[in-house]
1. Within the range 466-489, track down each residue that is of a type outside the set (A, V, I, L, M) and either in a loop (DSSP other than H, G, I, E, B) or within 40 Å of the chain's Cα centre (by Cα) (or both).
2. Conditions first: (1) modelled with pLDDT of 90 or more; (2) assigned to a loop (DSSP other than H, G, I, E, B). Gly169 passes all but one, so which condition is the exception?
3. Among the residues of the range 111-146, count how many are over 14 Å from Arg76 (Cα atoms) and either within 13 Å of ligand 1 (Cβ to nearest atom) or outside the structural domain of Ala41 (by TED's automatic domain parsing) (or both).
4. Looking at His64, His5, His105, can you tell me which residue is within 16 Å of ligand 2 (Cβ to nearest atom), out of contact with any Cys (no Cβ under 9 Å at 6 or more places or on another chain) and over 30 Å from Ala244 (Cβ atoms)?
5. Considering only residues that are within 23 Å of Gly169 (Cβ to Cβ), surrounded by fewer than 21 Cβ atoms within 10 Å (Cβ to Cβ) and among the small types (Gly, Ala, Ser), which ones fall in the range 24-57?
6. Test Ile44 against the criterion of being under 22 Å from His195 (Cβ atoms), aliphatic (A, V, I, L, M) and touching a residue at least 40 places away in the same chain (Cβ under 8 Å), and give yes or no.
7. Among the residues of the range 2-12, is any surrounded by 12 or more Cβ atoms within 10 Å (Cβ to Cβ) and touching a strand residue (DSSP E or B) at 6+ places or on another chain (Cβ under 8 Å)?
8. Could you please give the count of residues in the range 13-46 that are within 20 Å of Leu163 (Cβ to Cβ), out of contact with any Lys or Arg (no Cβ under 9 Å at 6 or more places or on another chain) and more than 12 Å from ligand 1 (Cβ to nearest atom)?
Amino acid sequence: MARPHYLPPSAASLTASLRDLGYSLETAIADLIDNSISADATDIQIFCDVSRGAPTLVIADNGHGMNEGEVIAAMRHGSTDPRKKRSLNDLGRFGLGLKTASFSHCRRLTVISSQNGSRCGAEWNLALLDDWYVSVLESNEIADQPFVDTFGETGTIVIWRDLDRLSEGETGQKRDEIVNEKLSFVERHLSLVFHRFLSGEIKGRKKISIRINGHAVMAFDPFCRKNFATQMLPEETVWVGDEAVVMQPYILPHHSRLSASEYDFYQDRSDFISNQGAYIYRNGRLMAWGDWFRLVPKGEATKLARVQIDFPNSLDEAWTIDIKKSRARPPRAVRERLRQIIQKITARSVVVYRGRGQKLFQETQAPVWERYVDHGGIRYAINLQHPLIQSVEARLPTDDLASLHMLLDSIAASLPVEMIYSDYSTHPREVSQAPTDEVEIIERLKGLRSALFGDGPGDPQAFMQIVRSTRLFDGQMDTAERFTRETFA
Ligand SMILES: Nc1ncnc2c1ncn2[C@@H]1O[C@H](COP(=O)(O)OP(=O)(O)OP(=O)(O)O)[C@@H](O)[C@H]1O
Ligand SMILES: [Mg+2]
């Protein structure tokens, strides 16, 4: 008969292997923030100091803290059974995050916790690892820890030292650059992943604050709900067993209409396009985003679409979450509904997208530029019927008309289409053709008026329409209107 043979994992090999689960600095820190949020913290601070003798990264919270027995239990790999039902507010699942996230970046992990002023602590140091014996700290050792003075009466600080992966072997200025760049990724990641906690929109929870070296992380809403041009489609619910999964589709405004901070977040159009897709939240925490789960390819037709999907932690099993909590695949019923939602959305987001293109050329009755579609080709040409051109023609000797038309045809033929396309698609905000200098604007308005009406009275309404069509005064309509009121009075 087979006999049982006790075979615990080798502490040294297992902890070494677990270092390579693939956490980035931002996913590792987010995993620790999950713990702080689960402990009802409202204030979370990250301190990163790599210039001191022993580079240190600390995550401090004002959550409910742990007593010594709980700190020791927290240091255990597999501290809780993933099959155990968790409370509704708990962002944990595997009983691993604290250890795996920390060891992905450091070789020495210290946890100090305080409840009503009474402190306790424990430490794993991979350099001194002795089987699975964890070091439980004495009070004098606790008092010597970095950043313990940031503690209130109750809370927890997690200290990472021996940060062998943070600066990628670089020193001095290069190291500081690498670390600062990583911290800016951390900020971006946290502002998105925890945006609903940061904005305080989660029911029954206080707003939380996260600071990185004293600098507050602001919530970033991927649906740009504050932007009045965002469209919110009807919410849908799918039942998985007895649990509701709520799906909320949005159609974002064209990327050139994002606010400055929204646009900064996406940086450019390719970022904006790659962020289309489903946004999956577990208990309000964003787990995965920017994916259509192969239901449709990411492309122009769906680029403005985002679907917020909310599921509770009781459905973990069905969503195949990974240890790093950076992946979650919806169960079949949800994917099927998502497919239907995408079909509805594509129809709409195409409207938003095309709508803008057409508007550009239909805004005025007599535009300067006209778009022709003929023989399967598209051609842009200057509208010779435009009042400004007509008025110039009227004053030119007939012999010169041919030269004028040649000039206009040549301007149209040499339009730098590729360059415009490339600039506009990557930096829509920076492409601006109209002058902004006030004196120049008034001069041009006067020039336009005399070109059109000479010294005659002129029609203010017609004038304003032509002003609009020239696009010379875009963004300066107030000045143009004032000029028209005053000079045509
Ligand atoms: N900042 C904290 N405040 C209070 N308790 C904490 C804190 N960090 C960890 N703990 C306790 O330690 C336990 C282990 O944390 P760990 O992150 O390893 O696992 P988990 O959160 O349970 O699951 P997961 O692996 O999904 O993160 C937690 O369940 C919690 O009880
Ligand atoms: Mg955790």
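1. As a first pass, look at the range 466-489 and keep what is of a type outside the set (A, V, I, L, M): 468-471, 473-476, 478-479, 481-488.
Passing the criteria: Arg468, Ser469, Thr470, Arg471, Phe473, Asp474, Gly475, Gln476, Asp478, Thr479, Glu481, Phe488.
2. Of the numbered conditions (1) modelled with pLDDT of 90 or more; (2) assigned to a loop (DSSP other than H, G, I, E, B), the odd one out for Gly169 is (1).
3. So the answer is 5.
4. Values: His64 fails: over 30 Å from Ala244 (Cβ atoms); His5 fails: within 16 Å of ligand 2 (Cβ to nearest atom).
His105 is the lone residue from the list that is within 16 Å of ligand 2 (Cβ to nearest atom), out of contact with any Cys (no Cβ under 9 Å at 6 or more places or on another chain) and over 30 Å from Ala244 (Cβ atoms).
5. Ser24, Ser51, Gly53, Ala54
6. On the way: under 22 Å from His195 (Cβ atoms): yes; aliphatic (A, V, I, L, M): yes; touching a residue at least 40 places away in the same chain (Cβ under 8 Å): yes.
Yes.
7. No, every residue in the range 2-12 fails to be surrounded by 12 or more Cβ atoms within 10 Å (Cβ to Cβ) and touching a strand residue (DSSP E or B) at 6+ places or on another chain (Cβ under 8 Å).
8. Within the range 13-46, residues that are within 20 Å of Leu163 (Cβ to Cβ), out of contact with any Lys or Arg (no Cβ under 9 Å at 6 or more places or on another chain) and more than 12 Å from ligand 1 (Cβ to nearest atom) number 4.
The values are calculated or read from the model by the stated rules, or taken from the named source; none is laboratory data. Keep in mind that what you see is a predicted model, and the values were worked out from it rather than measured. For neighbour counting, all protein chains shown are included, and Cβ atoms are generated from backbone atoms with ideal geometry for every residue, glycine included.
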